[in-house]
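Just so you know, all these numbers are worked out from the coordinates, no wet-lab data involved. Everything numeric in this text was worked out from a predicted model, so none of it was measured. Counting neighbours? That spans all protein chains shown, and the Cβs are built from the backbone with ideal geometry, glycine included.
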């Protein structure tokens with residue numbers, strides 16, 4: 001019996017060792033799969049571009065005309081000689097700006113906005129009638145009225161100076177109402193650009 005028990009114990013031991021040995025299986029090791037062999041597709045080079053078509057010689061470009069209103073390149077003397085800034089005319093003993101004067105000032109403001117570096121002087125002028133003192137004061141009122149109107153249209157006040165010449169520099173030296181109406185004015189001079 002002892003033998004029988006020993007044999008039984010040996011069998012049980014073998015079964016246990018076998019079970020343990022079977023339970024400790026190592027997981028399979030993952031080995032990298034080699035990439036598939038490259039597929040050889042024939043590579044065709046891009047077609048060559050066709051040769052350029054023969055062209056006729058291009059004529060030389062025409063010279064670019066400078067617009068008439070392009071006055072930025074002119075000197076101050078040239079600008080003031082044919083001034084793009086229009087004068088404002090006044091009635092006898094008047095310094096109020098009428099409808100025509102407002103339109104002239106609106107056009108002048110547009111030009112000054114297009115050339116924002118320009119500085120101007122507004123000269124107040126009168127006709128030959130009246131005293132020198134009266135005409136200097138009236139010329140000043142006319143120049144200041146024109147300046148204030150320009151400022152109301154968006155022109156910076158520091159770009160505009162005023163001066164009165166009274167009756168000292170008439171535009172028309174005649175001694176008639178026609179001549180005097182031309183002399184009662186606010187005249188614009190570009191002083192810097």
Give the calculated FRET efficiency between residue 151 and residue 77 to the nearest 0.05, with a Förster radius of 41 Å applied to their Cβ-Cβ distance. 0.95
Rh_Kirkwood(region 76-192) over Cα pairs, Å, one decimal, evaluates to 14.1
How far is the Cα center of region 74-111 from the Cα center of region 133-190, in Å? 9
If the chain between residue 100 and residue 133 were fully stretched, how many nm would it gain, using 0.36 nm times the residue separation less the Cα-Cα distance? 9.1 nm
Using a Förster distance of 25 angstrom, determine the FRET efficiency expected from the C-beta separation of residue 163 and residue 114, and round it to 0.05. 0.55
Along each of the three principal axes of the Cα atoms of region 120-177, give the extent in whole Å, ordering the values from largest to smallest. 38, 20, 15
By how many nm would the segment from residue 107 to residue 70 grow when fully extended, if each residue of separation counts as 0.36 nm and the alpha-carbon distance is taken off? 11.7 nm
Once normalised by the length of region 76-192, the mean sequence separation of its alpha carbon contacts under 8 Å that are 6 or more apart gives a contact order in percent of 39
DSSP bridge pairs, region 117-193: antiparallel proportion in percent, nearest 5: 55
